[in-house]
1. What is the residue count in the range 1-24 for residues that are open to solvent by 60 Å² or more (accessible area, probe 1.4 Å) and either free of Cβ contacts under 8 Å to residues at least 24 places away in the same chain or in a strand (DSSP E or B) (or both)?
2. Taking the range 11-39 as the search range and keeping residues that are basic (Lys, Arg) and within 12 Å of the chain's Cα centre (by Cα), which one is modelled with the lowest pLDDT?
3. Grab the strands (runs of 3 or more DSSP E) fully contained in the range 25-88, keeping just those with 3 or more residues being open to solvent by less than 40 Å² (accessible area, probe 1.4 Å).
4. Only residues in the range 28-57 that are under 18 Å from Thr3 (Cβ atoms) count as the first member; pair them with residues that are open to solvent by 100 Å² or more (accessible area, probe 1.4 Å) and assigned to a strand (DSSP E or B), Cβ under 8 angstrom, at least 6 apart or cross-chain, and list the lot.
5. Just the residues that are over 11 Å from the mean Cα position of the chain (by Cα) and under 19 Å from Thr11 (Cβ atoms), please, taken from the range 40-75.
Amino acid sequence: MTTIHYEIVHTTTYRYRQPVAFGEHRVMFRPRESHDLRVLATDLQIVPESSIRLIQDPHSNSVALVQPSTPSDTLEIVCSFLIEHARR
């Protein structure tokens, strides 16, 4: 059996005409592990500065509860992870 490593970076950017106040965002960025997929590392970067709380939902999905701390005209969410996929 061979394994392949994938490094994935996904960026979502919201832009507004003027600064806005943000509510809580639910970010689902981490893939679920399975018999042929292992998550080796994850990272979540948010601009503007935000509080991040990680939870697991009833379906075993990892969810980041993100609350930006200041109004801004931009919200940027950068999710990155390293996975290992086993191939037969």
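1. 15
2. Filtering first and then ranking leaves Arg30.
3. Answer list for the range 25-88: 37-47, 62-68, 72-87.
4. If the second residue must be open to solvent by 100 Å² or more (accessible area, probe 1.4 Å) and assigned to a strand (DSSP E or B), the pairs left are Asp36/Arg87; Leu40/His5.
5. Ala41, Val47, Pro48, Glu49, Ser50, Pro68, Ser72, Asp73, Thr74, Leu75
The values are calculated or read from the model by the stated rules, or taken from the named source; none is laboratory data. In this text the structure is predicted, and so the values were computed from the model without any measurement. Here Cβ is always computed from backbone atoms with ideal geometry, including for glycine, and neighbour counts include all displayed protein chains. Note: accessible area is taken over every heavy atom of the protein model, side chains too, but ligands, DNA and RNA are not part of it. Shrake-Rupley method; radii C 1.70, N 1.55, O 1.52, S 1.80 Å.
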